[in-house]
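Student: Have a look at this one before I ask anything.
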Amino acid sequence: MIVLLCSIDIKTAGSLSLLVSLPTMLVAFARYSRDSSFVVIRENIRFAGVMFAGSIIGAILRGLLVGVIPELVLIPSWPWCCWCRL
């Protein structure tokens with residue numbers, strides 16, 4: 001979203017996203033591990049495993065496509081985002 005709204009380089013936007021989401025996830029895991037919130041994951045371990053594998057496979061495939069698919073296809077110039085390109 002930050003790439004489309006503010007015309008930031010995709011690598012910079014990815015790094016910024018990691019800078020924000022990684023500490024957030026670590027704090028969330030620390031909080032939820034204190035109570036019994038992870039019991040739900042243990043009860044649905046097969047579903048959680050499929051979701052985890054799909055995320056990893058999807059991230060790898062999208063990473064491989066970045067060098068193959070042109071930037072105009074990956075980051076289209078949407079009509080509602082014309083003000084970003086000024």
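Student: Among the residues of the range 7-53, count how many are touching a helix residue (DSSP H, G or I) at 6+ places or on another chain (Cβ under 7 Å) and more than 20 Å from VAL66 (Cα to Cα).
Tutor: 3
Student: Residues in the range 58-71 that are over 13 Å from the mean Cα position of the chain (by Cα) and surrounded by 10 or more Cβ atoms within 10 Å (Cβ to Cβ): how many?
Tutor: Taking the range 58-71 and keeping what is over 13 Å from the mean Cα position of the chain (by Cα), we get 61, 64-71.
Next, from what is left, pick out any that are surrounded by 10 or more Cβ atoms within 10 Å (Cβ to Cβ): 64-66, 69.
Residues meeting the conditions: 4.
Student: State all residues of the range 1-60 that are under 29 Å from VAL73 (Cβ atoms) and among the acidic types (Asp, Glu); if no residue qualifies, say none.
Tutor: ASP9, the sole residue that qualifies.
Student: Among the residues of the range 13-22, are any modelled with pLDDT under 90, over 13 Å from the mean Cα position of the chain (by Cα) and assigned to a helix (DSSP H, G or I)?
Tutor: no
The values are calculated or read from the model by the stated rules, or taken from the named source; none is laboratory data. All values derive from a computational prediction rather than experimental measurement. Cβ coordinates were reconstructed from backbone atoms using ideal geometry, including for glycine residues, and neighbour counts include every protein chain displayed.
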